[in-house]
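Since every read-out is calculated from the coordinates, none of them should be taken as a lab result. Remember, predicted model here, so these are calculated numbers, not experimental data. A quick note on method: Cβ atoms are made from the backbone with ideal geometry, for glycine too, and the neighbour counts reach across all protein chains shown.
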Amino acid sequence: WLPTSTLKQYTLVFPVTEDGKICLGMKKRGFGAGRYNGFGGKVEPGETVFEAAKRELHEEANIVATKMPHCGRIRFAFEDSPVLMDVFVYRVEAWEGDPSETEEMLPAWHTSLPPSDPSMPQLPQIPFDDMWPDDDLWFPLFLAKKSFVGRVDFNKPPVAPEGSEGKMEDG
Ligand code: 6OG
């Protein structure tokens, strides 16, 4: 028997170019603030997941997707929460407009290619250290255009055994 969970649907969208550039957004507020991520959010009642992905991309990056294949699905579980985040991931391969800053996100272009000639102007590499810790698990599949599905369980950090604080301070 496993405890049942409810699913809450979210979208996560990454604009990419054929020559290996990817647009990430620095989240300015709310859940995940201070991290780079794709653009997205909750699916609202009455809209399809695809419509939600397109709407959130427009709200957060000021671009309109014209080619947006679905490429993966990840469920995030958090300890102590009965709600699983059910995140639908899309790759935006064509769009109208240029990504620009909004109230929620500051878009920035990165490269997914290995560093080349150091004298050439370079885009920053994908900043995994400043992203959700699950991203480096599935990004290789995303970048290789493979479809993927996964589940990530976030645990609370281990709690130090009772009474260990004093001992740690002593050395
Ligand atoms: P709003 O709260 O902005 O929607 N999201 C995650 N993305 C990654 N890469 N890892 C996670 O690990 C995530 N948890 C949530 C889904 C939240 C946005 O953040 C994404 C949504 O695009 C826990 O409405």
Label point distance in nm, residue 100-residue 8, each placed 7 Å from Cα along Cα→Cβ: 3.2
Relative to a virtual label point 7 Å from the Cα of residue 50 in the Cα→beta-carbon direction, which members of region 7-29 show backbone nitrogen distances below 18 Å? 10-15
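Using only DSSP helix segments of four residues or longer, with each worth -39500 (n - 2.57), what per-residue ellipticity at 222 nm results for the chain after dividing by its residue count and rounding to 500?
Estimated from H runs of four or more residues: -5000 deg cm²/dmol.
What number comes out for the charge environment of residue 49, summing +1 per Lys or Arg and -1 per Asp or Glu over other residues with Cβ under 13 Å away?
Taking every other residue near residue 49 into account, the sum is 0.
Might you report the magnitude of the Cβ-based charge dipole of the chain about its Cα centre, with Lys and Arg at +1 and Asp and Glu at -1, to the nearest 20 debye? Kindly include the intermediate steps, with their values, before the conclusion.
Working: 18 positive and 28 negative charges, 120 e Å.
For this selection, approximately 580 debye.
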For the chain, the count of lysine pairs 8 or more apart or interchain whose alpha-carbon atoms are under 22 Å apart comes to 19
For region 1-61, what's the radius of gyration and Dmax over Cα atoms, in angstrom? 14.1, 48
Have a look at the chain and give its Rg and Dmax from the Cα atoms, expressed in angstrom. 18.6, 61
From the phi angles alone, apply the Karplus equation (6.51, -1.76, 1.60; θ = phi - 60°) to region 87-104 and give each ³J(HN,Hα) in whole Hz, x where the residue is Gly or Pro. 9, 9, 9, 10, 10, 9, 9, 8, 7, 10, x, 10, x, 9, 5, 10, 4, 9
Placing +1 on each Lys and Arg Cβ and -1 on each Asp and Glu Cβ in the chain, then taking the dipole about the Cα centre, the residue among 63, 154, 48 whose Cα reaches farthest towards the positive end is 48
